[in-house]
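To keep things clear, I will list the structure first and then write my remarks on it.
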């Protein structure tokens, strides 16, 4: 089946398509990568082997692994059959390939407010989905994803894009929105927001970016995109409570007098 993530076409083996089904698309474009799945490797004379392109190999601690060609255009995942799983190995391969298309993957929630996107980044449990839901309630925002997002540089600007991976969040839309701001979250007893300079942005935001450390060229591409993102998109630190005041404070800075 053909799917599209961050406006990038991929071919995904349909037997394992349950959680990417909403990203299925009809397109005549050539996919930039192919992802297939296998339950096990071939075995002969007691020796396991694969004839798939295997310039790269990624392996999970549970024994599942992935092989890919040099450019991450063809990937095969060797895993138990579970088509409802949020497969982490294909995501790692996609992040590697997408780095070549000025695209980053991050641990963040994304909302669209009248055509403007805001990303809320932070560690697990900090309240990313909660902030997104507050914006949905008080600013009529659409929640694109409550836990994960792609950001892509397209035609001179950055866009926050939905993705199939969503963690424990229920929100998962296949759409994109022009990125207005990135907000790093911290829980606090009082609401306070401050603009981050480049140094602080790298310090606070970079830990929430998924970087392909296993491929030097892809890593450099990702870091170059990250550097451009930090230079061009306003970044804020929001120390907050989970309430309407936090929304009003952020809105005033981002949209009115930021």
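Readers should treat all values here as calculations from the given coordinates under stated rules, not as data from a laboratory. Everything quoted here is computed from the prediction, not taken from an experiment. Positions of Cβ are backbone-derived with ideal geometry, glycine not excepted, and every protein chain shown enters the neighbour counts.
Scan (i) 7, 30, 33, 19, 8, 2, 0, 0; (ii) 8, 35, 40, 17, 1; (iii) 7, 28, 33, 23, 9, 1 for the value of P(r) over Cα pairs in 10 Å bins from 0, in percent calculated from this model and give just the label. Structure-derived value, by its label: (i).
Remark: spin-label model distance residue 257-residue 29 equals 4.2 nm, labels positioned 7 Å along the Cα→Cβ axis. Rounded to the nearest 0.05, the FRET efficiency derived from the C-beta distance between residue 15 and residue 55 at R0 = 25 Å is 0.50.
A Förster radius of 41 Å, combined with the Cβ-Cβ distance separating residue 44 from residue 170, puts the computed FRET efficiency at roughly 0.35. Comparing 159, 138, 49, which has the greatest mean-square fluctuation in the GNM of the chain with Cα pairs linked when under 10 Å apart? Comparing 159, 138, 49 in a Gaussian network model of the chain, the most mobile one is 49. Taking every alpha-carbon pair under 8 Å whose residues sit at least 6 apart, the chain reaches a relative contact order of 17 percent.
Taking Cα atoms only, the orientation of helix 88-98 departs from the longest principal axis of the chain by about 80 degrees. With both residues required to sit in the chain, DSSP beta bridges show an antiparallel share near 70%. Compared with the dominant Cα axis of the chain, that is its longest principal axis, helix 128-139 is turned about 50°.
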